[in-house]
Amino acid sequence: IARRVDDSVAQVVAGRPAVARRARGYAPAPVVRSARFDAPLLALGAELKSSITLAVGGAAYVSQHLGDLSEYESFVAFQETVHDLCAMYRVDPRSVRLVHDLHPAYPSTRFAEQLGGERVAVQHHAAHVASVLAEQGAWDTRVLGIAFDGAGLGDDGAVWGGEVFVGSLVAGLRRVAHLRPAYLPGGDAAARTPVQAAVGWLAALGDGVWERVAAPSIALPTARVRVARRLIEQGLNTFTTTSVGRLFDTVAALTGFHRSMTFEGQAAIGLEAAALEARTAGADATPYPWPFDGRAWDHAPLLDAVLRDLERGGSRGEVALRFHETLAQGVADAAHSLRAEHAFERVVLSGGVFQNALLVERTESRLDNMDIQHWRNTLVPTNDGGISLGQAALAACMPGG
């Protein structure tokens, strides 16, 4: 096999393309052409759904999907693709500006260190937003960028995943709001076990919540809840997070997903499917309260309302549908709240959570109703497969880029 290339995966969402895996038939065609990419640079992406971007000769070339770099075979393919793509365009990867994620433990970051030379670290969620702007060739457009995903290292060392930025590629992107932080007991283990994640989010409701979730209407597994609570109380392997992905997992756990996930996003995919089925059946789609105070969304009223709905006998599908409508309304509320203060031209949506077609459709519908223009990824994945393009675009606008 000269070059490992998977099949591409794409769909049409709200009338526009959405690429989940960019590979055969797409890569390595140039995604963006701009004089800002005249000077060579190599962006190495993140860890999951890896891709790289080589900018050279006025164009940005995004590689095929390379997989999860924690897997040995994927990391070998990653290294081969770096050298293959650079050789194709006669670029020495050791002599160009290297761009990587802020996370020091990602294999792509360590690979950049091994190559040597000039290195630039770019924050994960800023790169998500930047990938959309790069697709549009919108170097100076001032936007409100909303990045929802599972996890990425924040500038403050916390696990981010529900972020709002203001700015442009040229001026830079500044974080101005986020989801209220919650506990992440067990770190990465919570990302695989929705019940464990749920304990971290439910802690915001106080000690009385544990009796509520033990009741037959919800029945979270008591042993797993007990262990997660102990991790939080003792501060063992417990972090803080603003991840919308983990909020999805929490609602999935409350509506019956009590096992560990066997693939990434499994709980959230099930929640979307339940919501779509409920919408077809004409279920109540009234949003839950999810207040935004100009700086943060507060998940406590949302989760309290979900619990009350379940305690009254609400169905899994109806809760799932109302949750999707809540997030869509919350994004629209934030855009409305921040429009006067920050005078942005567009709202940008990116991050793995926006692979959810129902959420995208409902969010864009609300923004349309408010006469707020919006962009999202259509050429590269909105998941981490688009990160390298955003890294390249931000680095190209930095001094020396």
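Every number in this text was worked out from the coordinates using simple rules, so none of it is lab data. These numbers were taken from a predicted model, which means no experiment stands behind them. Neighbour counts are summed over all protein chains in view; Cβ atoms, including those assigned to glycine, are modelled from backbone coordinates with ideal geometry.
Axis of helix 266-280 versus longest Cα principal axis of the chain: the two differ by about 60°, to the nearest ten degrees. Peptides 53-66, 114-127 ranked from most to least packed by the mean count of surrounding Cβ atoms within 10 Å: 53-66, 114-127.
Where only DSSP H runs of four or more residues are counted, the chain gives -12500 deg cm²/dmol as its mean residue ellipticity at 222 nm, each run worth -39500 (n - 2.57). Rounded to the nearest 10 degrees, the inclination of helix 222-234 to the longest alpha-carbon principal axis of the chain is 60 degrees.
Return one number: the angle in degrees, 0 to 90 and rounded to the nearest 10, between the long axis of the Cα atoms of helix 316-342 and the longest principal axis of the Cα atoms of the chain. Helix 316-342 sits at roughly 60 degrees to that axis. Rounded to the nearest 5, the antiparallel percentage of DSSP beta bridges internal to the chain is 65%. For segment 42-86, the residues whose backbone nitrogen is under 15 Å from a point 7 Å from the Cα of Ser95, taken along Cα to Cβ, are 42, 57, 86. Per-residue Cβ neighbour counts within 10 Å put Trp201, Trp139 in the sequence Trp139, Trp201, beginning with the fewest. Between Ala121 and Tyr72, the distance separating the two model label sites (each 7 Å from Cα on the Cα→Cβ line) works out to 2.9 nm.
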